[in-house]
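Participant: The structure under discussion is supplied below as structure tokens; questions concerning it will follow.
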Amino acid sequence: MELTPEDILKKRVRLFKNRDVFFHDYIPEKLHGRDQQIKELASHVRPALDGDRPGNLIIYGVPGSGKTAVTLYTLNILKKVAKDENVLDLIHIVYIPCPEARTPTYLLQRIINELSYEKIKLSGWGLAVYIETLKKIIRSLSGNVLLFLDEIDKVRNLDDVLYTITRFKTGEGAKVSLVGISNNLKFSEGLDPRVRSSLGSKKLFFPPYSANDLICILEDRVNQGIVEGVLNEEVVPYCAAIAAQKEGDARFAIDLLREAVFIAEGENSQKVEKHHVDQAAEKLESDFIKKAVSELTIHQQLVLLAIAVFQELGKSSATTGDVYTSYQIFCSYIGLKPSTRQWVSETIGTLELLGIVNSITRSRGRYGRTRYISLGAPPKYVIESILKTERFSRLRQNYIHYINDIRRKLHIG
């Protein structure tokens, strides 16, 4: 029976005792499986307590491998020790979540406002003005500025900003160190060679969590956040196993458990069972695809749609050439000029980094090497998320006809 709004708002069975421990900004007292990374990051920032410059660092690893949690955990310890040693006013910590500042000017504005301790209205100013304003603030400070840019790969056209930040002259105010945190293991490869040189080669790698690590992480959240005895004993290992298959993503494991408990509460169930986890996994997958698709350009969406179509037509994967041909056909349907094959190949790489598609390159002997692309999610979620937008109303209305047309043109049985 479908629930009414009144049913939903009425007090129902309570399975959570503290939902806060399931939010992404919660930092637990103990971080499982990351002792080595915590020690290495603490060693890296330690010189700042003596007034020395720590230098630059790139932290990288797959999503959900604990990079943000370890960074914030270590910074909390650094602040405490700096306060105990009476040098807190000489350590200026700036932490910026880069998805909230995706352009160089927005990023600089966030940094400037953090360091100036007041909101400076710089809207509409050119990049050079932001840079000069930041330099002026740095010169007015003493000690060390520790700049942490989380998901640094999310900021577009960052070369000039990074080059400026990493080239501040020692002796002109505070010393500046940059710590970039990236999900993209090849982030630095895409930077200008001058920037790579300025950043240096120091890196800190976060490997994926093991299934056992994920169980420990989830059990801590269960003890703090869920009513005792309401979880089926299979639920935590099941969540950990699913997350382990997603490159040991702890964030996904926590989201999965939270969503499963939420679904069980909504059903007024006294127990959280495995089938609640399955429902939660399906919802999270759908939500992830919707969010990812919404952030793509129209041409990127058409490339993704071209990949999804092949799996809907029963093909396990498609070559780059197949995807490009299908993409061209979709462009013709809605009156767009298609981009180049090279651009489509690069877009496939972008979609792979986002976790939406997978690819594998295989040798075909004297015929060279061929790249095979497949979806990293059920095609129905991808297709529904793309076609529901107004820009694709014509595709949506005639979708079956267009799919059959592609089937004929590409000789798919």
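Coordinate-derived values only; no laboratory data. It should be emphasised that the depicted structure is a prediction, and the values quoted were computed from it without experimental measurement. Every residue, glycine among them, receives a Cβ derived from its backbone with ideal geometry; neighbour counts consider all protein chains shown.
Participant: Which value, to two decimals, describes the C-alpha radius of gyration of segment 35-206 once divided by 2.2 N^0.38 Å?
Facilitator: Against the compact-globule rule of thumb, the ratio is 0.98.
Participant: So how far, in whole Å, is the C-alpha centre of segment 181-224 from the one of segment 56-96?
Facilitator: 14 Å
Participant: Explain nothing, just the number: dipole magnitude of the chain about its Cα centre with +1 on each Lys and Arg Cβ and -1 on each Asp and Glu Cβ, in debye rounded to the nearest 20.
Facilitator: On the way: 57 positive and 50 negative charges, 317 e Å.
It works out to roughly 1520 debye.
Participant: Exposure proxy check: R156, R221 ranked by fewest other beta carbons within 10 Å?
Facilitator: Numbers: R156 9, R221 19.
Least to most surrounded, the residues fall as R156, R221.
Participant: Right, something else. How large are Rg and Dmax for segment 186-226 when only the alpha carbon atoms are used, in Å?
Facilitator: 18.1, 51
Participant: A further question on this structure: Among A243, T71, Y327, whose Cα sits farthest toward the positive end of the charge dipole of the chain (+1 at Cβ of Lys/Arg, -1 at Cβ of Asp/Glu, about the Cα centre)?
Facilitator: About the Cα centre, the residue reaching furthest to the positive side is Y327.
Participant: In terms of the ratio Rg/(2.2 N^0.38 Å) built on C-alpha atoms, what value belongs to the chain? Working shown, then result.
Facilitator: On the way: Rg = 24.6 Å, N = 413, 2.2 N^0.38 = 21.7 Å.
Computed over Cα atoms of the chain, the ratio equals 1.13.
Participant: Suppose R0 equals 25 Å. What FRET efficiency, 1/(1 + (r/R0)^6) with r the Cβ-Cβ distance, do E295 and N358 give to the nearest 0.05?
Facilitator: Numbers: r = 19 Å, r/R0 = 0.77.
For E295 and N358, the calculated efficiency is 0.85.
Participant: About the Cα centre, and with charges only on the beta carbon of Lys, Arg (+1) and Asp, Glu (-1), how big is the dipole of segment 163-303? Nearest 20 debye, please. Show your work: numbers first, answer last.
Facilitator: On the way: 17 positive and 21 negative charges, 257 e Å.
Roughly 1240 debye, rounded to the nearest 20.
Participant: For the cross-link pairs K17/K67; K290/K388; K67/K274; K283/K380; K315/K388; K30/K67, which exceed 18 Å when the distance is taken from alpha carbon to alpha carbon?
Facilitator: Details: K17/K67 27 Å; K290/K388 10 Å; K67/K274 29 Å; K283/K380 13 Å; K315/K388 24 Å; K30/K67 14 Å.
From the list (K17/K67; K290/K388; K67/K274; K283/K380; K315/K388; K30/K67), the Cα-Cα distance tops 18 Å for K17/K67; K67/K274; K315/K388.
Participant: In the chain, with Lys and Arg counted as +1 and Asp and Glu as -1 at Cβ, which of these residues, L15, I226, Y381, has the Cα nearest the positive end of the dipole, that is, farthest along it?
Facilitator: About the Cα centre, the residue reaching furthest to the positive side is Y381.
Participant: Below 8 Å, C-alpha to C-alpha, sequence gap of six or more: please give me the relative contact order for segment 296-409 in percent.
Facilitator: On the way: 120 pairs, mean separation 34.6, N = 114.
Relative contact order of segment 296-409: 30 percent.
Participant: Here's another thing I want to ask about it. Spin-label point model (7 Å from Cα, Cβ direction): what's the K283 to N268 distance in nm?
Facilitator: Placing both labels 7 Å along Cα→Cβ, they lie 1.8 nm apart.
Participant: Taking only the C-alpha atoms, wrap a convex hull around segment 296-409 and report its volume per residue in Å³ as a whole number. Walk me through the intermediate numbers first.
Facilitator: Values: hull volume 11.8 nm³, N = 114.
Convex hull of Cα atoms, per residue: 103 Å³.
Participant: What is the dipole size for segment 35-206, taken about its Cα centre, with +1 at each Lys and Arg Cβ and -1 at each Asp and Glu Cβ, in debye to the nearest 20?
Facilitator: On the way: 24 positive and 19 negative charges, 43 e Å.
That gives segment 35-206 a dipole magnitude of about 200 debye.
Participant: If you don't mind, another one. Taking a cut-off of 16 Å between Cα atoms, list the aspartates and glutamates near K203, but don't count ones fewer than 8 places away on the same chain.
Facilitator: E40, D150, E151, D153, E189
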